[in-house]
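Everything below concerns the one structure shown next.
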Amino acid sequence: MASLIPRKLRPRTGWLLAVGAGAAALLAIDHLRGVRAAERRRREAAVMPPEAGLPRATLLDTLAFHRDLTLPTLARGLILRRPWVMRIADRLDLDRRAIRRMQALRARYGPGPVLLRMPVRNEAILLEPAQVERVLKSSPHPFAVDSSEKRAALQHFQPQGVLASGEAERQRRRVINDDALDAHSLRHALAGEFLPWLRAKTSRMAAGVRARGELCWAEFIVDWFTIVRRVLLGEGARDDHELTDMLAQLRADANWAFLRPTRERLRDAFLQRLTEHLERAEPGSIAGYLAHHRIPAAEAAQQVPQWLFAFDAAAIATFRALALLASHPEHAARALREAREALADDTGELRFLRACVLESVRLWPTTPLVLRQAGTRTWWTAGMLPERSGVLIYLPFFHRDPALPFADRFTPGLWLGEVDRGDAALAPFSDGSAYCSGRELTLLLASELLAALVAGEMPVQSGGHTLDPRQPLPATLDGYALAFAWPVST
């Protein structure tokens, strides 16, 4: 090797090689120490005294976690996605990098949880599926849903929403959400009233798309929120684009949580406009249901912004589901058959298409970070978690665990009982008492729209990250860049 280096550079090169070898040796020693420490923690876990704290990540591991997971997730926007950041994240597949960082934490610190130094407070990072189940099933006691960060963000557009409420108000507001959204029914109690309109609307939308021959995100989201406003607030709100535009501005502020002052004038104007829609209480809408059950419009107005916010994420999941179907012929054929049968029969159900939307959210969680806050000290195999500590669940890590045979494959059968889930921690709409109240209504609207779009003919993807069923699916997918093409009808 020395003969390939000019003579006058050999002393300097030798010095550089020596430094490099020394650095490599230090890294190897550090890695070996980490492996030995992890093994020691595993051996000692069974006899660890209850006073012992959870293992703490080193400063370097903490900084690496923030670099690979915290900062990219915050940059994309937790409350409102930033499209330009999503493009970069898609190109670099940043979620894959974050998943690998989580795997490195588990390899080094054992089953955890592991405590990291975070900007606001210490945060326990969950590393095992059983830990996820414990935290979600034990919310809000002892793991509170209204974490400090969540309250700061939601203050911008729904300060009295259920997710920002303390225990005194949370239960009452939770009942309002569950009842209004018919949280436990696959088919909403009002479906018989709004489904005829919904199917007529989606049929016209699909006909227009096929006539143009293409569909992009900008067109899709306009039609999507026309449907959402009609179902939630009635015919008078159907074309009130300004309402959802105002909410988008407030959600953009909420991305900054306590780092940006609340625009109280805009928030009050939005809530007043929303209250007026609710006060009309149109029959066949969720607003009418709320009025029938004597829920004051001003109080309901504090809950509805969360529904509109969630339906934005649902739109992304639905568009991604269309990309999955367009790239997987065997599943596309099944979806097409179900869509045609259901649309021919008003009582038909769209279970497979619902499963496709659920699978879209598993593969690309629209809420990747689930936050909780420990109300009391809690004990784990690895040690004690102090009171008021944060608890962080990074869903892509659990949904895409390489040990799962379906980790990077489109597998809608997971949600139909056709594929064994094992002990995987799958929570596309959260779980436990803080599960998403709008899950079933979201899946109903999403599957109906998908059925209308695919019933005539399955589109081909014409824009965005092309999915290849022969390769592992990417961990990041920019829904805003997707576009689809249909043969132009004549």
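Of all residues in the range 204-234, those being acidic (Asp, Glu) and touching a residue at least 12 places away in the same chain (Cβ under 8 Å) number 2.
PHE309 passes every criterion in (1) farther than 17 Å from THR226 by Cα; (2) open to solvent by 20 Å² or more (accessible area, probe 1.4 Å); (3) modelled with pLDDT under 95 apart from (1). Answer yes or no: is there a residue in the range 245-254 that is surrounded by 18 or more Cβ atoms within 10 Å (Cβ to Cβ), over 15 Å from GLN306 (Cα atoms), among the hydrophobic types (A, V, I, L, M, F, W, C) and touching a helix residue (DSSP H, G or I) at 6+ places or on another chain (Cβ under 8 Å). The answer is no; no qualifying residue exists.
For the range 354-376, the count of residues that are at pLDDT below 95, charged (D, E, K, R) and touching a strand residue (DSSP E or B) at 6+ places or on another chain (Cβ under 9 Å) is at least one.
Screening LEU441 against (1) of a type outside the set (Ser, Thr, Tyr); (2) in contact with a Phe, Trp or Tyr (Cβ under 9 Å, 6 or more places away or on another chain); (3) over 29 Å from ILE176 (Cβ atoms); (4) part of a helix (DSSP H, G or I) leaves a single unmet condition, (3).
Does the range 432-444 contain any residue that is aliphatic (A, V, I, L, M), at pLDDT below 95, touching a Ser or Thr at 6+ places or on another chain (Cβ under 7 Å) and farther than 25 Å from MET86 by Cα? Yes, the range 432-444 has at least one match.
For ALA291, the stated conditions hold: it is of a type in the set (A, V, I, L, M), open to solvent by 10 Å² or more (accessible area, probe 1.4 Å) and out of contact with any Ser or Thr (no Cβ under 6 Å at 6 or more places or on another chain). Residues that are more than 30 Å from ASP223 (Cα to Cα) and touching a strand residue (DSSP E or B) at 6+ places or on another chain (Cβ under 9 Å) are absent from the range 314-326 altogether. The residue that is farthest from PHE309 (Cα to Cα), counting only those in the range 184-220 that are open to solvent by 60 Å² or more (accessible area, probe 1.4 Å) and not in a helix (DSSP H, G or I), is GLU214. Might you let me know whether the range 454-464 holds any residue that is over 30 Å from ARG187 (Cα atoms), modelled with pLDDT of 95 or more and assigned to a loop (DSSP other than H, G, I, E, B)? Checking the range 454-464: at least one residue is over 30 Å from ARG187 (Cα atoms), modelled with pLDDT of 95 or more and assigned to a loop (DSSP other than H, G, I, E, B).
Going by what's in this entry, would ARG76 be described as touching a helix residue (DSSP H, G or I) at 6+ places or on another chain (Cβ under 6 Å) and either under 29 Å from GLN306 (Cα atoms) or at pLDDT 95 or above (or both)?
Yes, satisfied.
Out of ARG251, ARG273, one residue alone is among the charged types (D, E, K, R), under 27 Å from VAL175 (Cα atoms), in contact with a Pro (Cβ under 9 Å, 6 or more places away or on another chain) and in a helix (DSSP H, G or I). It is ARG251. The residues of the range 62-84 that are among the hydrophobic types (A, V, I, L, M, F, W, C) and crowded, with 17+ Cβ neighbours inside 10 Å, listed by number, are PHE65, LEU69, LEU78, ILE79, LEU80.
Applying a threshold of 9 Å to beta carbon distances and a minimum spacing of six or more residues, or different chains, the list of pairs starting in the range 421-434 at a residue that is without any contact (Cβ under 8 Å) to a residue 12 or more places away in the chain and ending at one that is of a type outside the set (S, T, N, Q) and open to solvent by less than 20 Å² (accessible area, probe 1.4 Å) reads ARG421/PHE406; ARG421/LEU414.
A single entry from SER437, SER430, SER462 fulfils the requirement of being of a type in the set (S, T, N, Q) and at positive phi: SER430. Criterion applied to ALA315, ALA298, ALA339 was being open to solvent by less than 20 Å² (accessible area, probe 1.4 Å), farther than 20 Å from LEU190 by Cβ, assigned to a helix (DSSP H, G or I) and at pLDDT below 95, and the one residue passing it is ALA339.
Residue-by-condition table, conditions (1) open to solvent by 20 Å² or more (accessible area, probe 1.4 Å); (2) at pLDDT 95 or above; (3) among the charged types (D, E, K, R):
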| residue | (1), (2), (3) |
| --- | --- |
| ALA38 | no, no, no |
| ALA46 | yes, no, no |
| PRO50 | yes, no, no |
| LEU92 | yes, yes, no |
| ALA98 | no, yes, no |
| ARG106 | yes, yes, yes |
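Do the conditions hold for LEU371, that is, is it surrounded by fewer than 23 Cβ atoms within 10 Å (Cβ to Cβ), of a type in the set (A, V, I, L, M), closer than 24 Å to ARG76 by Cβ and under 14 Å from the mean Cα position of the chain (by Cα)? Criteria met by LEU371.
Please count how many residues of the range 363-387 are closer than 20 Å to SER433 by Cβ, among the small types (Gly, Ala, Ser) and part of a strand (DSSP E or B). Selection size over the range 363-387: 1.
Pairing residues of the range 55-75 that are within 12 Å of ARG101 (Cα to Cα) with residues that are open to solvent by less than 10 Å² (accessible area, probe 1.4 Å), at Cβ distances under 6 Å and at least 6 apart in sequence or on separate chains, gives THR62/LEU116; PHE65/LEU116; ASP68/ALA98; LEU69/ALA98.
Can you tell me which residue is most open to solvent (accessible area, probe 1.4 Å) among those in the range 402-420 that are touching a Leu at 6+ places or on another chain (Cβ under 6 Å) and not in a helix (DSSP H, G or I)? If we take residues in the range 402-420 being touching a Leu at 6+ places or on another chain (Cβ under 6 Å) and not in a helix (DSSP H, G or I), then ASP408 is most open to solvent (accessible area, probe 1.4 Å).
The values are calculated or read from the model by the stated rules, or taken from the named source; none is laboratory data. Nothing here was measured: the structure is a model prediction, and the numbers come from that model. Positions of Cβ are backbone-derived with ideal geometry, glycine not excepted, and every protein chain shown enters the neighbour counts. SASA here: full protein model, heavy atoms, side chains in, ligands and nucleic acids out. Shrake-Rupley method; radii C 1.70, N 1.55, O 1.52, S 1.80 Å.
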